[in-house]
Each structure stands twice: as C-alpha cells, then as structure tokens.
1. What are the residues in the range 87-119 that are out of contact with any Pro (no Cβ under 6 Å at 6 or more places or on another chain), loosely packed, with under 13 Cβ neighbours inside 10 Å and in a loop (DSSP other than H, G, I, E, B), if any?
2. In the set S151, S168, S189, which member is among the polar types (S, T, N, Q) and under 20 Å from L84 (Cα atoms)?
3. Any residue in the range 80-91 that's under 16 Å from A165 (Cα atoms) and among the β-branched types (V, I, T): show its pairings with residues that are at pLDDT 95 or above and outside any strand (DSSP E or B) at Cβ separation under 6 Å, as long as the two are six or more apart or on different chains.
4. Going by what's in this entry, would T51 be described as at pLDDT 90 or above, of a type in the set (V, I, T) and under 30 Å from T187 (Cβ atoms)?
5. Of the conditions (1) surrounded by fewer than 19 Cβ atoms within 10 Å (Cβ to Cβ); (2) closer than 17 Å to T182 by Cβ; (3) of a type in the set (A, V, I, L, M, F, W, C), I73 fails just one. Which one is it?
Amino acid sequence: MHQRPTLSSWPRGHLRHGEAGFTIIEILTAILLVGILSGLAIGVSPSLIRTARGESGAQELDSFLKRHREMAIGRRRDIEIRFLPPNQVQSAQRAVPDPPNPTPAPEVLETMTFEGSIEYWSPAGVADTPDSFGNANPITLGGVAPVMFSSEGSLLDAGGNPVNATISLGVDGDPLTATAVTILGTTASVSRWRWTGVYGGWVR
C-alpha cells in the first residue's frame, strides 16, 4: 500500500537549517508584477519611440545651426542657411565682395538630410511656440530669404536685418513626432520645442 510521505520521512539535508523558500503568495505577486510591467511596456513603448523620433530631428537641426553659427564667427564670414523641403538643410559660405569684380556664388559647405522620415511639417491647428515667432508655415522666417549667420553671430535676412525663425519638424501625419526649433535673430540663440497636444502645448 502506497504511503504518503511525512515530515519525518523527508530526506534529511533537503533544506538546511535557517533556509526558507518562496511562499505561494510571493510567487504569485512576482508573476502579477511582471504581467503589469509587460502590459505597460507594450502600451507605452510605441508612443515613446515616435516621440523620440521627432525629438531626434529637432536635435539634428539644433546641432547643425549652432555649429554653423560658430563657424561664421570663427571664419568672419556670413554663412547662409537654406531650408530645403521636404527634409534637408544646407549651409553655404558667402564670399567677401571685391568690387569691381563680381562676387562669386556662395560656396556650399554642408547638406544634411533628416533621418527617420522627419521633414518640415506641423499638425494643422497647432499653436505657436511660447517664443511667438510665428508658425504659419513649417518654415517661418520673419524676413526676406536667404537668411544667414553673420560674422557677429546674429541671424540676418537678405537685407541685413535680424530675423526670428520657427522651423517645424515631424513625420507627416503623426502629431506625436511634432517638434519646433526657434531662432532669435539678434543673438541667433536656438531653442527646441516638443508638441504634447492641445492641452499640454509646447514644452522644451
């Protein structure tokens, strides 16, 4: 006849003195926590990925602008910034006028293409950034193109006047990727913004 094992018949040494295993409640709690965290990861990750994609475009433009501003100051030359739809930005160094000789065309320095399907775009009805430089178009310049960084570090229009700008970026049709880069003309300081929705608005 088969006998059920008793405590006295359990092999000695299976558990050492002072050792303790996990209780059923602890195991179930761990399984529940893993399930909750997995559910959160599935629900949040796509949104975070899309938001990060938009911010990467703004970061690329931010770095491009700051690098060429410093270049204009260091070289003592005006450097044009050309925003080329749908997804490129280009820099070109202006030659020093030498009358009566004709001034050569600006020399192209760099052409950058945004990664991750980022282009000049903004969702319909999005409010202006807190800088209030305007956003009627994805490329909004407060003066006459072309714009350029001067050797003094300002952003100027074709007439030599300081010009503010708002450059809107994102993946066409995806508001979660909407970002903006603003430039203050007098100092050419650059700010990055991310659109969080109608109620959240723009945040740095």
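1. V96, P97, D98, P99, P100, N101, P102, P104, A105, E115, listed by residue number.
2. It is S168.
3. Sorted first by the residue in the range 80-91, then by its partner, the pairs are V89/F64.
4. Considered against the rule, which asks whether it is at pLDDT 90 or above, of a type in the set (V, I, T) and under 30 Å from T187 (Cβ atoms), T51 comes out as no.
5. It fails just one condition, (2).
The values are calculated or read from the model by the stated rules, or taken from the named source; none is laboratory data. What you are looking at is a predicted structure, and each value in this text was computed from that prediction instead of being measured. Note: ideal-geometry Cβ built from the backbone for every residue, glycine included; neighbour counts use all protein chains shown.
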